[in-house]
Amino acid sequence: MTDNKTTKILVVEDDPDLSLLIKLELETEGYDVYLAHDGMQALIETRQKSPDLMVLDRSLPKMNGIEVCRRLRQSENFPILMLTSFDRVEERVEGLDAGASDYLTKPFHIEELLARIRALLRATQSKQETKLHFADVEVDLLKREAHRGERQLNLSAKEFDLLVYFLKHPNQVLSKSQIIERVWEWDYSGEDNIVEVYMHNLRKKLQYNKSESQLLQTIRGAGYILREG
């Protein structure tokens, strides 16, 4: 997340005028911005877009921001900036306890919102892991090396990126379009079977023999998942 152009922000706000204002300001700063207008849509958009940061209103229809935050924290760790019309300490504590990274009270100056977002992204970047683990698989992001147990995996550059994407989203079904967008960044040849080919090769390298469990599994009609068992 060193380049705003690659940073995705999901704005969850039921006020259409405010959400559009925030979207336009963030896009001016170079971020990729997506909108959701209720709590349920926020969860759906998170799954589809895999944002790097969320601006989340506390008061939302269908599911309030506190419950959205709690649900997201079961599987997601991206920063969440919560917006609220309440200025009581108890309200702030409840939001932070639910998993919000920061709090901003309405009405606010857009410059402060942008500054809070920059600070959250900087903090996230400074805390980025250099190693990822799942089961007996370990990836060193700095050395760009991958191991399963004591065995080093001989991966191509794109196979490595594909494995990293799954390691960052374990136990989640990832669709073909999500994989193409995040791993190939839409810059691919257009061959329909490119994901299948890479998944086949990566599986073979992850499961060298029958004593090793198959961690990358196909969910028919939905995509792929990294999980045990």
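Looking at (1) at pLDDT below 90; (2) not assigned by TED's automatic domain parsing to the domain that holds L26, can you tell me which one H147 breaks? (1) is the only condition that H147 fails. Here is a check on your reading of the model: is F86 part of a loop (DSSP other than H, G, I, E, B) and buried (at least 16 other Cβ atoms within 10 Å of the Cβ)? Against the criterion (part of a loop (DSSP other than H, G, I, E, B) and buried (at least 16 other Cβ atoms within 10 Å of the Cβ)), F86 does not qualify. For the range 138-179, filtered to residues that are part of a loop (DSSP other than H, G, I, E, B) and of a type in the set (S, T, Y), the residue that is surrounded by the most Cβ atoms within 10 Å (Cβ to Cβ) is S175.
When the residues of the range 1-30 are filtered to those that are in contact (Cβ under 8 Å) with a residue 60 or more places away in the chain and touching a Ser or Thr at 6+ places or on another chain (Cβ under 7 Å), the one that is nearest to R182 (Cα to Cα) is M1. Selection over the range 146-155 of residues that are farther than 15 Å from L215 by Cα and without any contact (Cβ under 8 Å) to a residue 40 or more places away in the chain gives a count of 2.
With respect to being free of Cβ contacts under 8 Å to residues at least 60 places away in the same chain and among the polar types (S, T, N, Q), Q48 falls outside the description. Taking each residue of the range 209-221 that is within 14 Å of L167 (Cα to Cα) and looking for partners that are of a type in the set (V, I, T) with beta-carbon atoms closer than 6 Å, six or more apart or interchain, yields Q217/I225. For the range 65-83, residues that are outside any helix (DSSP H, G or I) and either in contact with a His (Cβ under 8 Å, 6 or more places away or on another chain) or touching a residue at least 12 places away in the same chain (Cβ under 8 Å) (or both) total 9. Are any of the residues in the range 66-81 more than 22 Å from Q172 (Cβ to Cβ) and buried (at least 17 other Cβ atoms within 10 Å of the Cβ)? Scanning the range 66-81 turns up at least one residue that is more than 22 Å from Q172 (Cβ to Cβ) and buried (at least 17 other Cβ atoms within 10 Å of the Cβ).
Looking only at the range 24-47, residues that are in a helix (DSSP H, G or I) and either of a type in the set (A, V, I, L, M) or within 21 Å of T124 (Cβ to Cβ) (or both) come to 11 in all.
The values are calculated or read from the model by the stated rules, or taken from the named source; none is laboratory data. Keep in mind that what you see is a predicted model, and the values were worked out from it rather than measured. Positions of Cβ are generated from backbone atoms using ideal geometry, with glycine treated the same way; all protein chains shown enter the neighbour counts.
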